[in-house]
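The values are calculated or read from the model by the stated rules, or taken from the named source; none is laboratory data. Computed from a predicted model, the values in this text were never measured in an experiment. Please note: Cβ atoms are built from the backbone with ideal geometry, for glycine as well, and neighbour counts cover all protein chains shown. The protein model used for the area step is the full one, side chains on, heavy atoms only, and it has no ligands, DNA or RNA in it. Shrake-Rupley method; radii C 1.70, N 1.55, O 1.52, S 1.80 Å.
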Amino acid sequence: MRGVTVEQYLSGRILLAMPGMFDPRFERSVNVMCVHDENGALGIGIGHVRQGVRFHDVLEELDIDPGVSPNREVMNGGPVEPGRGFILHSADWGGADTIAVEGLCALSASMDVLRAIAEGQGPSQWIMALGYAGWGAGQLEGEMRHHGWYAADGYSEVLFQTPPEGRWMATWRAEGIDPALLSNETGRA
């Protein structure tokens with residue numbers, strides 16, 4: 001990725017599918033960008049609920065007593081490893097494998113965070129997702145050049161205080177953009 005500086009990496013930002021997204025799997029997609037560097041990118045989808053799966057279902061599958069945890073919906077985190085679970089959460093909890101997501105939140109994928117939530121000792125704010133969106137080196141940058149994505153700032157209120165179905169529009173609004181006014185395709189000069 002020649003010419004890309006550290007400041008241009010998108011970790012900690014929210015990646016929005018542009019109107020007219022070329023891949024229907026990502027239509028109106030909202031992804032928290034957890035990792036982005038010269039090796040590629042990893043984002044967790046927070047805009048679409050995984051149908052038929054709730055948090056307690058996941059805990060029961062893993063033989064964890066749900067305890068005091070709320071039985072929340074689970075997000076469709078992305079098409080890669082759709083059975084792998086991730087918790088996006090506030091920075092007031094951290095485990096050995098927790099990754100800080102540049103000023104927005106933290107990411108954990110261990111059984112420790114699930115047990116802590118079930119016991120009422122976990123992060124104060126959290127979202128569970130199954131799967132993730134992944135891009136190889138330079139792939140995301142190419143998709144952005146071809147009218148695939150818009151990189152918004154990271155907004156914790158969108159992440160933790162907005163219902164999933166409203167996160168796409170809420171992020172555009174926070175950016176001061178009406179997506180209805182955007183073109184469905186990219187031009188060439």
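At-a-glance table
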read-out: Restricting the range 114-126 to residues that are out of contact with any Phe, Trp or Tyr (no Cβ under 7 Å at 6 or more places or on another chain) and farther than 10 Å from Val68 by Cα, the residue that is surrounded by the fewest Cβ atoms within 10 Å (Cβ to Cβ); value: Ser124
read-out: Residues (open to solvent by 80 Å² or more (accessible area, probe 1.4 Å) and closer than 8 Å to Pro123 by Cα) located in the range 87-109; value: Ala91, Asp92
read-out: Residues that are of a type in the set (A, V, I, L, M, F, W, C) and farther than 20 Å from Thr162 by Cα, drawn from the range 14-64; value: Met21, Phe22, Val35, Ala41, Leu42, Val58, Leu59, Leu62, Ile64
read-out: Residue in the range 62-77 that is polar (S, T, N, Q) and touching a Pro at 6+ places or on another chain (Cβ under 9 Å) present; value: yes
read-out: Per-region count, the range 97-134, residues within 21 Å of Ser29 (Cα to Cα) and β-branched (Val, Ile, Thr); value: 2
read-out: Checklist (1) without any contact (Cβ under 8 Å) to a residue 24 or more places away in the chain; (2) closer than 18 Å to Arg84 by Cα applied to Gln8, failing item; value: (2)
read-out: Tally of residues being farther than 26 Å from Asp23 by Cβ and in a strand (DSSP E or B) across the range 49-60; value: 1
read-out: Residues of the range 31-86 that turn out to be over 12 Å from the mean Cα position of the chain (by Cα), open to solvent by less than 30 Å² (accessible area, probe 1.4 Å) and touching a residue at least 60 places away in the same chain (Cβ under 8 Å), as a count; value: 4
read-out: Scope the range 127-154; condition under 12 Å from the mean Cα position of the chain (by Cα) and either open to solvent by less than 10 Å² (accessible area, probe 1.4 Å) or not hydrophobic (A, V, I, L, M, F, W, C) (or both); matching residues; value: Met128, Ala129, Gly131, Tyr132, Ala133, Gly134, Gly154
